[in-house]
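The block underneath contains the structure these notes are about, expressed in structure tokens.
The values are calculated or read from the model by the stated rules, or taken from the named source; none is laboratory data. Since this is a predicted model, take the numbers as computed values, not measurements. So basically every Cβ, Gly included, is an ideal-geometry build from the backbone, and we count neighbours across all protein chains shown. These accessible areas exclude ligands, DNA and RNA; they are computed on the full protein's heavy atoms, side chains included. Shrake-Rupley method; radii C 1.70, N 1.55, O 1.52, S 1.80 Å.
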Amino acid sequence: SYVINSQIGDGNLLEARAEVRDSVLGSYNIVGSDTRISKKNIGSHFRIFYPGIMKEIDVIDEERTR
């Protein structure tokens with residue numbers, strides 16, 4: 001996984017082979033394996049799947065992820 005020229009918030013999880021380029025990613029997101037994000041603004045509390053499917057996460061234990 002790698003992040004290039006991006007702004008990343010707190011508590012994010014990037015799974016294997018995920019790629020974030022030239023993007024803004026909020027806090028407490030999960031970027032699935034083999035997912036590529038390029039030139040996007042993504043808010044907080046999302047699960048991003050391959051190929052580009054997004055679902056909002058209802059419950060996040062922010063204290064546990066710190």
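Key figures for this structure:
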item: Counting DSSP beta bridges with both ends in the chain, the antiparallel % (nearest 5); result: 20 percent
item: The range 14-60 - percent of accessible surface contributed by carbon and sulfur, probe 1.4 Å; result: 49 percent
item: FRET efficiency, 1/(1 + (r/R0)^6) with R0 22 Å, evaluated for residue 47 and residue 4 via beta carbons; result: 0.50
item: CD proxy at 222 nm, helix term only [per DSSP H run n ≥ 4: -39500 (n - 2.57); per residue of the chain; nearest 500]; result: -1000 deg cm²/dmol
item: The range 1-55 - accessible surface per residue (Å², probe 1.4 Å); result: 60 Å²
item: Residue-wise HN-Hα coupling along the range 7-18, computed from phi with Karplus coefficients 6.51, -1.76, 1.60 (Hz; x: Gly, Pro); result: 9, 10, x, 8, x, 7, 10, 10, 7, 3, 6, 7
item: Reported label for calculated Cα extents along the principal axes in Å given (i) 35, 20, 16; (ii) 40, 24, 23; (iii) 28, 21, 20; result: (iii)
item: Length gained when the stretch residue 36-residue 17 is fully extended (0.36 nm per residue, less Cα-Cα span); result: 6.0 nm
